1. How much FRET efficiency would the formula 1/(1 + (r/R0)^6) give for VAL48 and ARG83, where r is the Cβ-Cβ distance and R0 is 35 Å, rounded to 0.05?
2. Can you pull the one-decimal nm distance between simple spin-label points at ILE193 and ARG206, each 7 Å off the Cα toward Cβ?
3. Ranked from highest to lowest mean number of other Cβ atoms within 10 Å per residue, what is the order of the peptides 83-92, 183-192?
4. Between ARG34 and VAL217, what FRET efficiency comes out of the Förster formula 1/(1 + (r/R0)^6) with R0 = 30 Å and r the beta carbon distance, rounded to 0.05?
5. Can you compute the charge dipole magnitude of segment 150-231 about its Cα centre, using +1 on each Lys and Arg Cβ and -1 on each Asp and Glu Cβ, nothing else charged? Give it in debye, rounded to the nearest 20.
Amino acid sequence: MDRGVLEIHDELRRVTDRFYVAVLLDIFTRSCGRHFGLDQKETKDGHVAAYWAKEFNLLAHLCFLTVMIGIVRVPAVVERMRRVRADADVRLGLGIVCLSISLSFLAYLRWLVFPVLSLSLTHSNSKIRYTMDERRQEFRRLIPRVTAAIVLSVFTFYNGHALKSDPKTERALAAWASRFNKVADLYFTMVVIRIAITPTVMERMRRTRESCDEHLVIGSISLFLSLAFSAYLRWFVVVG
């Protein structure tokens, strides 16, 4: 097969992966917006955090949408596809940052603002203080887990692209490294989504924390196996 055709096929595969990622992220962004009422003209609570969550959710949607439009309209020219791929990486990164900020504001509203507004005035001050202390403790326990999941998910995302661009990806060990990396990314993403949609109920938050611990452990083991296979290929197979 001609070398130019192979280059076009390789670039087409790379931009196709980015197109699928943009579509999935855009669907998740719009679903979050509709679930939390961000698609309405006026938010129900009128809190400033809801306004910024809506704005960053819209920015993330626009970033992912421009990635999809740019990839669909790009011609089958290697140089044009490379420029589009580089631009798509920047827009995907910016969209992920905007989506993370929007989810952070939504988490702030769900775990700190709404519980305070929903407390009944008929309860005693001691009971209110006790309930809020428990919820704040669970909130502090969930923050490190969602932060670790986001960082590890971003790392596995870029590690997956590094595995695809590796010339040794046709080897069996490289294939297993890519599979374990995808499994790790899946578990880390599940942790982020599970914490984001968890309601402010003590038992639900505790069950979410326990489930997230299991997912983080499984994802970390899968990521370790993927890095172990990659290190073996880099330090032994390539050198040999």
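1. My answer for the efficiency is 0.35.
2. Between ILE193 and ARG206, the simple spin-label model gives 2.7 nm.
3. Numbers: 83-92: 16.7, 183-192: 21.8.
Packing order, densest peptide first, comes out as 183-192, 83-92.
4. So, using R0 = 30 Å, E works out to roughly 0.40.
5. 100
Read-outs throughout are calculated quantities, based only on the coordinates presented, and are distinct from any laboratory measurement. Keep in mind the model is a prediction, meaning the values are calculated, not measured. Neighbour counts are summed over all protein chains in view; Cβ atoms, including those assigned to glycine, are modelled from backbone coordinates with ideal geometry.
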